[in-house]
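Structure first, commentary second.
The values are calculated or read from the model by the stated rules, or taken from the named source; none is laboratory data. Nothing here was measured: the structure is a model prediction, and the numbers come from that model. Note: ideal-geometry Cβ built from the backbone for every residue, glycine included; neighbour counts use all protein chains shown. These accessible areas exclude ligands, DNA and RNA; they are computed on the full protein's heavy atoms, side chains included. Shrake-Rupley method; radii C 1.70, N 1.55, O 1.52, S 1.80 Å.
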There are 2 protein chains.
Amino acid sequence: MNFCSNCGNSKLEYIIPEGDQKQRFVCNECDTIHYQNPRVIAGCLPIYDGKILLGKRAIEPRYGYWNLPAGFLENGETPNDGALRELYEETHAKGEAKHLHTVFSLPNYNQVYLIYLVALSSDQFSKVTSESIDVELFEIKDIPWDAIAFESTTFAIKKYIENPTNKEANIGHLIKEQLH
Amino acid sequence: MNFCSNCGNSKLEYIIPEGDQKQRFVCNECDTIHYQNPRVIAGCLPIYDGKILLGKRAIEPRYGYWNLPAGFLENGETPNDGALRELYEETHAKGEAKHLHTVFSLPNYNQVYLIYLVALSSDQFSKVTSESIDVELFEIKDIPWDAIAFESTTFAIKKYIENPTNKEANIGHLIKEQLH
């Protein structure tokens, strides 16, 4: 953050505001405190007949790696709706969110994944979409473990395999050594 | 948003960027796309001996109303840690997060509550903290329903009373008619 988004000047200080415990960007001109917070990634664990639907990413990061359908939650939407929107955008599949399956947080990246177990309405989906270069319904034995895009996906699929009927949300996180 | 936080000029347009489906603030000078996303509120449903710990808010909004300990998740922390931090800040109580109890979203306010069921370590807490003008451990029959601060708290407590041992996350949302 280089400039104040409220008044446009560059007199930003990175300080702990009065009554706070954490450093924030504060504008010395108009006194606006610019809070920065983690973002939610809404995602699906889409199941059909015991198989799991994965998409091969058409964008960086991790282009060409397999992933559960997921993306940033938008203002104005519920996580449940966001998850089903991402499912459709990435695979053109539809389904119903049954319960929250996984909360996976990446504090170093300021991200929180909320992944719903989704019962697919059918085995209909598109092999290619604008967000996926390939889409496939995998038998558990065929999951491409070495080509999964993100830890959140590996975590959620492993938890599903361990206990497919569990309805308690699985809680996980990945803390990497801070670069600075 | 009035000015670009990257380059400081005021040539912001609220448009749908190429390849996107949603309006964003885009800087005409440096091409930065300013994404805006919902924030996570990490909270606790703190239980001791069947009783629920609530704090009476010392700040607006809803000053003087009772609430579950909760607050904005910070960059660099997991929701679980954020929930226990808020518990301590608001009540000086400590405990252990057992499972995710509630996901409650407010799409019109761009907020997602993640509320953990927390087993308090003891019945020790402070009656007054910098964030609460009163703290109390309520028997279920004494919950002050008419003086609860937010719908998320009412929802979580009602779900707990309906089924205290349920471990599946309760999913709720409140959609108010948009003002504009």
For the protein assembly as shown, the percent of accessible surface on carbon and sulfur atoms (probe 1.4 angstrom, ligands and nucleic acids excluded) is 46 percent
Would you compute the Debye intensity of segment B:57-180 from its alpha-carbon atoms alone, equal scatterers and no solvent, and pass along log10 I(q)/I(0) at q = 0.10, 0.14, 0.17 Å⁻¹ to two decimals?
-0.31, -0.62, -0.95
Helix A:151-162 vs. chain A, principal-axis angle (Cα, 0 to 90°, nearest 10)
40 degrees
Interface A:B - total buried accessible surface [probe 1.4 Å, Å², rounded to 100]:
3500 Å²
Might you report the magnitude of the Cβ-based charge dipole of segment B:59-114 about its Cα centre, with Lys and Arg at +1 and Asp and Glu at -1, to the nearest 20 debye?
200 debye
What angle do you read, to the nearest 10 degrees and between 0 and 90, between the alpha-carbon axis of helix A:79-91 and the longest principal axis of chain A?
60 degrees
Given the Cα-Cα distance of B:Ser121 and B:Met1 and 0.36 nm per residue of separation, how much length would full extension add, in nm?
38.8 nm
Starting from the residue with the highest accessible area, list B:Glu136, A:Glu74 in decreasing order, probe 1.4 Å.
B:Glu136, A:Glu74
With every protein chain kept in place and a 1.4 Å probe, the protein assembly as shown has an accessible area per residue in Å² of 50 Å²
At a 1.4 Å probe radius, which order do A:His173, B:His34 fall into by accessible area, largest first?
A:His173, B:His34
Rounded to the nearest 20 Debye, what is the dipole magnitude of segment A:80-170 about its Cα centre when Lys and Arg each give +1 and Asp and Glu each give -1 at the C-beta?
280 debye
The set of residues whose placed amide H lies less than 5 Å from the amide H of B:Arg24, leaving out same-chain residues fewer than 5 positions away, is B:Ile15, B:Ile16
With no other cysteine's Cβ closer than 4.7 Å, which Cys residues of the protein assembly as shown count as lacking a disulfide-compatible partner?
A:Cys44, B:Cys44
What number comes out for the charge environment of B:Leu73, summing +1 per Lys or Arg and -1 per Asp or Glu over other residues with Cβ under 12 Å away?
0
